[in-house]
1. Starting with the fewest neighbours, write out B:PHE183, D:PHE16, C:PHE39 ranked by other beta-carbon atoms found within 10 Å of each beta-carbon.
2. Label position 7 Å from Cα toward Cβ: report the copy-to-copy distances for A:PRO178 in nm, one decimal, ordered from shortest.
3. At 0.36 nm per residue, minus the direct Cα-Cα distance, what do D:ALA114 and D:TRP66 gain on full extension? Give it in nm, one decimal, please.
4. 7 Å along Cα→Cβ for the label point: how many nanometres lie between B:PRO210 and each equivalent label in the other copies, listed shortest first?
5. Taking each label point as 7 Å beyond Cα in the direction of the beta carbon, state the distances from B:THR161 to the same residue in the other copies, shortest first, in nm.
6. Can you work out the FRET efficiency for the pair B:LEU159 and B:PHE57, with r the C-beta to C-beta distance and R0 = 45 Å, to the nearest 0.05?
7. Can you sort C:MET40, B:MET220, D:MET164 by how many other beta carbons sit within 10 Å, fewest first?
8. Find how much the distance from B:LEU221 to B:LEU90 grows on full extension, using 0.36 nm per residue of separation minus their present alpha carbon separation; answer in nm with one decimal.
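Laboratory data are not the source of any read-out in this text; all were calculated from the coordinates shown. Everything numeric here is computed off the predicted structure, so don't read it as measured data. All Cβ positions, even for glycine, are placed from backbone atoms using ideal geometry, and neighbour counts span all protein chains on display.
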Protein chains: 4
Amino acid sequence: MSSLKPADVGIRTRLFQIIFESDTPVAKGFDILLAILIFMSVGVILLDSVQEYHERFGTLFYYTEWVITLLFTLELGLRIYCLHKPLLYLKSFYGIIDVLAVLPTWLMLILPGAQTLVVIRLLRTLRLFRVLEMMALVGQGRLLLDALKRSRGQIMLFLFTILMLVTIFSTFLYLIEPHEAGFTSIPTSIYWGIVTLTTVGYGDISPVTPLGQFISVMIMLAGYSIIALPAGVFSAEVIRSLREDRYSDEACPGCGKNQHERDAKYCKHCGTWLNEEKEEPHSDTDKHPAGTE
Amino acid sequence: MSSLKPADVGIRTRLFQIIFESDTPVAKGFDILLAILIFMSVGVILLDSVQEYHERFGTLFYYTEWVITLLFTLELGLRIYCLHKPLLYLKSFYGIIDVLAVLPTWLMLILPGAQTLVVIRLLRTLRLFRVLEMMALVGQGRLLLDALKRSRGQIMLFLFTILMLVTIFSTFLYLIEPHEAGFTSIPTSIYWGIVTLTTVGYGDISPVTPLGQFISVMIMLAGYSIIALPAGVFSAEVIRSLREDRYSDEACPGCGKNQHERDAKYCKHCGTWLNEEKEEPHSDTDKHPAGTE
Amino acid sequence: MSSLKPADVGIRTRLFQIIFESDTPVAKGFDILLAILIFMSVGVILLDSVQEYHERFGTLFYYTEWVITLLFTLELGLRIYCLHKPLLYLKSFYGIIDVLAVLPTWLMLILPGAQTLVVIRLLRTLRLFRVLEMMALVGQGRLLLDALKRSRGQIMLFLFTILMLVTIFSTFLYLIEPHEAGFTSIPTSIYWGIVTLTTVGYGDISPVTPLGQFISVMIMLAGYSIIALPAGVFSAEVIRSLREDRYSDEACPGCGKNQHERDAKYCKHCGTWLNEEKEEPHSDTDKHPAGTE
Amino acid sequence: MSSLKPADVGIRTRLFQIIFESDTPVAKGFDILLAILIFMSVGVILLDSVQEYHERFGTLFYYTEWVITLLFTLELGLRIYCLHKPLLYLKSFYGIIDVLAVLPTWLMLILPGAQTLVVIRLLRTLRLFRVLEMMALVGQGRLLLDALKRSRGQIMLFLFTILMLVTIFSTFLYLIEPHEAGFTSIPTSIYWGIVTLTTVGYGDISPVTPLGQFISVMIMLAGYSIIALPAGVFSAEVIRSLREDRYSDEACPGCGKNQHERDAKYCKHCGTWLNEEKEEPHSDTDKHPAGTE
């Protein structure tokens, strides 16, 4: 978002600050109003899908949807208006979502029923996290995301291995089990395999032969044991994130020891003044994000 | 509870000590008696709901319920009597529960069947934790609660993101799957989505189209992978709680700041020699078991 | 087991060493033979319960069971014979299991069908862990048990709170849902509540009303979120166990710093000889099991 | 793989480098091509198992399968050709998989339907991890595997204990529950027990008697609580792996022992000054990323 600069210092700049930023009371209010409209609009879609409510309040729902869509379309127009490079915005993640949020209702004019896709508007609430950013909450959220990013590689590797094994075992079950039990094709068997491994267990398909049940039990125990893996990896990463936050990596000019807490002014080992390296602890954090331990 | 002061040093003070405190044998006995009555009363309600037992012991259950309710009403009266500011108590968490615990049976006189709500009495057992407080157990319980409180923000963020994604995916399934498979409305689809994501998997609703099954599998794998997140966050917080033990609570003789790491020799804020307070780390640990951060 | 002393140095002592101990090859062989017999006997019971195998191999199974029972009865006799205080043994955990392991077959003479209870013999395999004790495995097993013991209090507290909330919510569902959906009594509703909270989700009982489904979703999300708690507590405890093992709590006589690794001979901070306190590192471990950090 | 040496410096050496290694662009390309063929072949098998696609594209699938099999057979021939000791390769894990990957299609000539076993080809993708080895990903993967290996003992112990208890409880349910509820034999009951404990809960078999439901609830709560154990053990192991990074791998100039903590100034074994090796802790970290313990 930082690449999107306001157009001029006049109305466009003020609009930019209200719509794209959230550090003034008006801008925060705008964000919250947006959130309320999004939730209201999604609520209308949800209720409209219930036959009973559709019959009773269908017309009300219809007009509410149109009013909110017009407001969102207006907002989209303003967003484009107040930017120097609107194309850059339209190609960004939030730009795409903003367009997708108004498209379904307009599409409804041509293609009845399309308005259900309006639920995609929910993704717009991701913007809300910008409001949260001002709260303590987000320091934690970023920590969570950091840990998630770092453990992503391992979790992907883990998922890939799992899927490979599930495919092999599911194929065996397809060969062993009668089609009547629900194992009608290998893809269906894989669907069953994942339903089993993730311990969801709908029961729409379940093995009936002793051998099939035995292999199922193996898959279950595997699923039950390996669920620990991503949890373990992720815990370890969160713990590492918490720990890294605490210690600076700068060495003491007196005794040369490092691993001082970030807020330390004097070396805890020899009492030397540490401040020369620590005048801007935050920029310091940026230079040495990872530390060593 | 600390804001509730005994009325006078006479009978009301003694009643207060018995009913509201639990550090004397009589007060502990009172708490335990209360717990037994609560469990007995809830047991009666449970058994009475079974048709067979209702027919056989219905009258016995009815009178037991009334006796316990009268005892609880008497107790509630005494609680109000022995307090200076009874209104403050009635508006507190425990006060509300105490009233709710007797209300259903009295309501039954007007509204038959209301007595089932008496199960809310179970919440009164929360008082029991006061008895546990005297035991080692609670040090741990508090640790658990602390970690829970600190990880609350992250877990809320996590739940919100999950719910948003489940809503979007469930709507797609509502569009894809035939109504006969159980996806009759978007709210029902969301119900199915959460049943799936949390790996409960009743099987009352399950996808029947290949595309629906594919999206389901994505939701399951997501649910299976991200279950690690709250576990990871929470583990990290518990570990942090345990580690806070690492900090000494002794104040620095130079600048008066505390929170030095236990192995620190010099104050990290002013560089003063700390050792005089650190000759007996063990007795030190005993005096300040929890530390503050 | 250490309180059971051999009777005399003759045959009873030797029998004691073979039967009750497992540090000689003969004694280990005895333990392994016992394990094989236990698994064989349980296997026979399992197979005999399958109608098809019962018809074909019923007689074989019958005699195998009797042979193994006679062997176990003989072994029980020898155990009693070679002990000074057999009653003490019979009242111990393993003594009770040993008697329960032979009883069902003998009971069968009076009460046909009782032999199925022979599966309790499986508990005898717990003795096998004695054999494992000689292997590296058990150091880990003990660590696991230690961590389990320490987190027991918190996990009990956790289970109690859960059960209380499940009872309250299940009662609401009993009131809301029609009896036809399976919520026929409060105990049945509680059964459903736990099936849901633990994410088992059989689907034999599932809510059909919108409000019931909404409350179910709350229970599921609660169950999904709080599953992190025992995992977190337990992880933290295992990590603590691993860490405590590593550091000695003795201070360095040179610089006064503690937290040296258990195998350290010289202070890593000032190079002073640490050995005076560390001549018997293991007895040392016993004196200071917890350390401070 | 390191024991497999190229035959001569001519074409066989070059073939060896392409097929068995993956550090040149050609060799990497070969690996990726192999992966594509494997996924394509498995995809064909999956689609062919769907009745609808089989009828439409059956012949296409048949020939694709044969082409890929011929390519794999050729590749297997080249692998054998370019090795000095092909038997050693054929007896290795990857050798066996390579043979199993082509066998099913050839078997199909004698035994129609055998080609479904071709899914075993998926195991060949394990070779791909060699490509990944060049990426950062694998450092993590190895960490994961290390932690898994170390926690294996405890997890086996854990699984054994679980299975023992499930067997005992399932037998009780077999005795209590009517055969109509699905508990037709003890092995079937054990299948149900594991379906319950792992929280899969198909619902094909579920208890109908109050006592059976009560025991089920015990199994569920047990399963729900103990799922924390492997997660805890594994988390701890991952964290230990991360922490091992703490140890420097530099040998002491005095006694030659290594494994000093990174902040150590003196050798903990002989008290020698270590600092000369520790002037650049960062470059040090880079040279020895994993440490040994």
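1. C:PHE39, D:PHE16, B:PHE183
2. Here A:PRO178 shows inter-copy label distances of 2.4, 2.4, 3.3 nm.
3. Residue separation times 0.36 nm, minus the Cα-Cα distance, leaves 16.0 nm.
4. Those label-point separations list as 3.6, 3.6, 5.1 nm.
5. From this label point to the equivalent ones elsewhere in the assembly: 2.4, 2.4, 3.4 nm.
6. With a Förster radius of 45 Å, E is 0.55.
7. In order of increasing Cβ crowding within 10 Å: C:MET40, D:MET164, B:MET220.
8. Numbers: separation 131, 0.36 × 131 = 47.16 nm, distance 4.77 nm.
Between B:LEU221 and B:LEU90, full extension yields 42.4 nm more.
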